[in-house]
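Engineer: Let me begin by handing over the structure; questions about it come next.
The values are calculated or read from the model by the stated rules, or taken from the named source; none is laboratory data. These figures come from a predicted structure and were not determined experimentally. When we count neighbours, we look across all protein chains shown, and the Cβ atoms used for this are built from the backbone with ideal geometry, even at glycine.
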Amino acid sequence: MKRLVWLAVAILIAGGAYYGISARHAADAAKNKPPESRPQVVVLGKATRQAMPIRLSAIGTVQPLATVAVKARLEGQVAAIHFTEGQDVKAGDLLFSLDRRQTEAQLRQVEASLARDQAQLEKAKNDFARYEQLIKDQAVSQQKYEDARAALGTLNATVRAGQAAVENSRLMDSYTRIHAPFAGRTGQAIANVGSIVKPGDNAAMVTITQTRPIQVQFGIPERELPAVRRAMAEGAVAVQAQSQDESLPAVLGRLVFIDSAIDPATGTIQLKAQFANEDMALWPGQFVAVSMTLRTDPNALVVPTAAIQNGQEGAYLFVVDAESTARIRPIKVGPAAEGKSTILSGVAEGETVVVDGQIRIANGVKVTERRAGPPPPDGKAEAKTAGTPNGKPTP
């Protein structure tokens, strides 16, 4: 009898354990239900028509219009420096002064020689005038008259040579004052006060770089050249340059140069855009993102650029149908600007597309919309609103 009782107890215990394990497995299965079986939260957008600028993008290098290495034009000692390194200077500003004592002495010497020759010339003119009257009166020989005329001619030539010597000495003296050839920014000063400089020096005394205006050089594929030439024929072509610091505004300029030949090695052609650069936003040698506006399509079909995905077979996006089901749609993409991309084929105006959340969906998955913005961290926001109607979690 006891055996029968213990057997009944064992059967009850085993049945309870089996029921508990089965219930736990069922709960785990429900918890691990595939996410595809319930709508996935995504951000949606619309395919719309709007005016769309047609732009070309490239990476460019900022280049100054002119750079000059300032060197001495005669040998001398640096007496003074009239600028600070990195200073903006104007055309004609005094940069260096050399010791002038030698050139001033040479100038005074040739000026004195010129004054002597001019005095002798004045006497020769008077002598020739007197002999000219005497020869008419036959009071002097022909030889005297010819000698007076020759002396006058010689002194005329001597005075002209003296005048040239004075001009040359003044020019050499002016070389002791070195001026900026154009407006620009000075670099590091190599020459110091007291150092000896001469025309044959390899190193420049200072380098001046013109920064206002300034140019950006960039290359485009040769297939884009016809469109660029058409745009230039219709008027000024606007070009924007954006530095790597995207918090700074883009700088607006215009296209000013197309190279005369395509580089056969790269299949590109070099262009230049010019910018006023009044605020010095562009710096020589800087790399910038260049965007060139060729024309504006007044009725382009566009979607948010974030909606476009790229796969092995090309670009695609998810289109959401009337049953809130996401479908993969292959597309052809045109130019992009300001967060929008032109769609050449694959999407119709007014269709709904998935802008964010594509990583959580696949073809045929149901979706539900949430407002654009950062996704809730770790699903906490969804858990908060998934309980009772007042937003508190279900106990």
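Engineer: Mind checking which strands (runs of 3 or more DSSP E) fall wholly inside region 218-276 and carry at least 2 residues that are farther than 17 Å from Leu294 by Cβ and modelled with pLDDT of 95 or more?
Structural biologist: Where strands (runs of 3 or more DSSP E) fall fully within region 218-276 and carry at least 2 residues being farther than 17 Å from Leu294 by Cβ and modelled with pLDDT of 95 or more, they are 268-275.
Engineer: Also, quick follow-up: Considering region 344-366 alone, what residues qualify as being touching a residue at least 60 places away in the same chain (Cβ under 8 Å), of a type outside the set (Asp, Glu) and assigned to a strand (DSSP E or B)?
Structural biologist: Thr352, Val353, Val354, Val355, Lys366 - these are the residues of region 344-366 that are touching a residue at least 60 places away in the same chain (Cβ under 8 Å), of a type outside the set (Asp, Glu) and assigned to a strand (DSSP E or B).
Engineer: Continuing with the same structure: What is the one condition in (1) in contact (Cβ under 8 Å) with a residue 12 or more places away in the chain; (2) touching a Phe, Trp or Tyr at 6+ places or on another chain (Cβ under 6 Å) that Gly162 does not satisfy?
Structural biologist: (2)
Engineer: If you go through region 149-188 one residue at a time, how many are in a helix (DSSP H, G or I) and under 30 Å from Phe83 (Cβ atoms)?
Structural biologist: Adding up the residues that qualify gives 8.
Engineer: Looking at region 317-343, which of its residues are under 34 Å from the mean Cα position of the chain (by Cα), in contact (Cβ under 8 Å) with a residue 24 or more places away in the chain and part of a strand (DSSP E or B)?
Structural biologist: Leu317, Val333, Gly334, Pro335, Ala336, Ala337, Lys340, Ser341, Thr342, Ile343 - these are the residues of region 317-343 that are under 34 Å from the mean Cα position of the chain (by Cα), in contact (Cβ under 8 Å) with a residue 24 or more places away in the chain and part of a strand (DSSP E or B).
Engineer: Go over the candidates Leu114, Leu94, Leu107 one by one and state the one that is touching a Lys or Arg at 6+ places or on another chain (Cβ under 9 Å) and either outside the structural domain of Ala204 (by TED's automatic domain parsing) or modelled with pLDDT under 95 (or both).
Structural biologist: None of the others qualify; the one that does is Leu107.
Engineer: Of the numbered conditions (1) at pLDDT below 95; (2) out of contact with any Lys or Arg (no Cβ under 8 Å at 6 or more places or on another chain), Gly86 satisfies every one except a single condition; which is it?
Structural biologist: Gly86 satisfies every listed condition except (2).
Engineer: If you don't mind, another one. Please identify the pairs in which a residue from region 136-158 that is at negative phi and in the same structural domain as Ala119 (by TED's automatic domain parsing) has its Cβ atom under 7 Å from the Cβ atom of a residue that is modelled with pLDDT under 90 and of a type in the set (D, E, K, R), counting only partners at least 6 apart or on another chain.
Structural biologist: The qualifying pairs are Ala148/Asp127.
Engineer: Also: Go over the candidates Ala289, Ala261 one by one and state the one that is hydrophobic (A, V, I, L, M, F, W, C) and over 19 Å from Ala337 (Cα atoms).
Structural biologist: Selected residue: Ala261, the only one of Ala289, Ala261 that is hydrophobic (A, V, I, L, M, F, W, C) and over 19 Å from Ala337 (Cα atoms).
Engineer: Regarding Phe257, is this residue of a type in the set (Phe, Trp, Tyr) and farther than 30 Å from Leu95 by Cα?
Structural biologist: Working: of a type in the set (Phe, Trp, Tyr): yes; farther than 30 Å from Leu95 by Cα: yes.
Criteria met by Phe257.
Engineer: Now for a different question. Report, ordered by the first and then the second residue, all pairs with beta carbons closer than 7 Å, sequence separation of six or more or different chains, a first member in region 264-285 that is closer than 10 Å to Val62 by Cα, and a second member that is charged (D, E, K, R) and modelled with pLDDT of 95 or more.
Structural biologist: Sorted first by the residue in region 264-285, then by its partner, the pairs are Ala273/Arg254; Gln274/Arg254.
Engineer: Continuing with this model, one more query. Could you please tell me which pairs satisfy a Cβ distance under 7 Å, a separation of 6+ or placement on different chains, a first residue in region 202-221 that is touching a residue at least 12 places away in the same chain (Cβ under 8 Å), and a second residue that is among the aromatic types (Phe, Trp, Tyr) and surrounded by fewer than 20 Cβ atoms within 10 Å (Cβ to Cβ)?
Structural biologist: So the pair list comes out as Gln210/Phe182.
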